[in-house]
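Report on one structure; see the data block that follows.
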Amino acid sequence: MCNKKIIWVVVLVMASLSSWASANIKGNGSVVTREIKVSDFSSIRLGGNVSFSLGESIKKLFSGEKNSGSTPVFIYSQTDAPAALKVTLDENLIEYLEIKVENRQLIVQTKKNIQVNPTRFELRGHSPSLQEVKVGGSYDFRIEGRLDSDKLLLSVSGSGSVRASENIKTSVFSAKVSGSGNLYLKNISTNQLETKISGSGNANLGGIANVGDFAVSGSGNINAFECRVGDLSCAVSGSGDMKVLASNKLKASVSGSGDIQYKGAPDVDFHTSGSGSIRKAN
């Protein structure tokens, strides 16, 4: 009886592994660009199971081909034209994508229990407005050109990233990273700025804000010497670091071995516990 149970367990495990393996679909190398019809959206959610092989990643690294790195890329631009989306991907993998708009949220993900292994995966989309972006997995989300919005909420979970080199103008700006993700935002103009890092992620910020709230928990970093904030509250718990610029008021706390460096000449209110430090940068 015991032997029969063991045999059944082995059979079930092998069947499960076989099913898992069959769900990994490799791109055939025939990369095509397709236009996907979408309704208007002001929010984007990226997820799914996308994996680039090590060999393909090394090949792309030395090829110099634009936007052909070892991560899926979404390039967004704000325009007055109706919402549109183009997908560049191996021809045999397109059927395994699930792309839809629900409640003005554009959702891009792989179908359930499917992992795709593409040669190249790039999405290009535009819409009249953008208020929220949720990046899951290893997606690299890029904002191309200027962006004007009453609010912009960014969240990155996993190893993904959000990048913007031109001006983002908004009343409320919130960016949150959990995991090892990264933010590269060079020119923010906002009234309220919130940035929170949990895990080992990083935020590189530039621009100006009237009020700011920064927080790091874990080993992450916020590099914001180029982002001038009027009244700033910041807190580090763990071994993370912050570099900030405050012009009026700075309320800062460190618990653990983290470090906060600041520039500017604000009125200060500091609190530390542990071996961490708060100090004016040279």
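Derivation of every value follows stated rules applied to the coordinates shown; laboratory data play no part. What you are looking at is a predicted structure, and each value in this text was computed from that prediction instead of being measured. Cβ: placed from backbone, ideal geometry, glycine included. Neighbour counts: every protein chain shown.
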Which of E144, E35 comes first, and how do the rest follow, when ranked by fewest Cβ neighbours within 10 Å? E35, E144
Averaging sequence separations of C-alpha pairs under 8 Å and six or more residues apart, then dividing by the length of the chain, give the relative contact order as a whole percent. 12 percent
Mean Cα-pair separation over length for the range 215-266, i.e. relative contact order, pairs under 8 Å, 6 or more apart, %: 36 percent
Starting with the fewest neighbours, write out Y139, Y184, Y76 ranked by other beta-carbon atoms found within 10 Å of each beta-carbon. Y184, Y76, Y139
Any idea how far apart E91 and K111 come out in nm if each label point goes 7 Å out from Cα toward Cβ? 1.9 nm
Could you list K186, K100 so that the one with the fewest beta carbons within 10 Å of its beta carbon is first and the one with the most is last? K100, K186
Given that compact globular proteins tend to follow 2.2 N^0.38 Å, what is the ratio of the alpha-carbon Rg of the chain to that value? 1.18
If you average 1/r across every pair of different Cα atoms in the range 24-144 and take the reciprocal, what Kirkwood value do you get, in Å? 14.6 Å
Considering the chain as a Gaussian network with a 10 Å cut-off on Cα pairs, which listed residue, F270, F173, F141, attains the greatest mean-square fluctuation? F270
With only helices counted (DSSP H, runs n ≥ 4, each -39500 (n - 2.57)), the per-residue ellipticity at 222 nm for the chain, to the nearest 500, works out to -3500 deg cm²/dmol
Mean separation of Cα contacts under 8 Å, 6 or more apart, over the residue count of the range 130-211: relative contact order %: 25 percent
For the chain, with a Gaussian network of springs between Cα atoms less than 10 Å apart, report the residue from D148, D267, D241 with the top mean-square fluctuation. D267
What is the extension gain from N191 to T71, computed as 0.36 nm multiplied by their sequence separation minus the C-alpha to C-alpha distance, in nm to one decimal? 39.9 nm
Of the DSSP beta bridges with both residues in the range 24-144, give the percent that are antiparallel, rounding to the nearest 5. 45 percent
Net lengthening on full extension, T79/K280 (0.36 nm per residue, minus Cα-Cα): 68.1 nm
Which entries in the list K86/K111; K151/K263; K249/K280; K176/K280; K26/K86 go over 24 Å, if you measure between the two C-alpha atoms of each? K151/K263; K176/K280
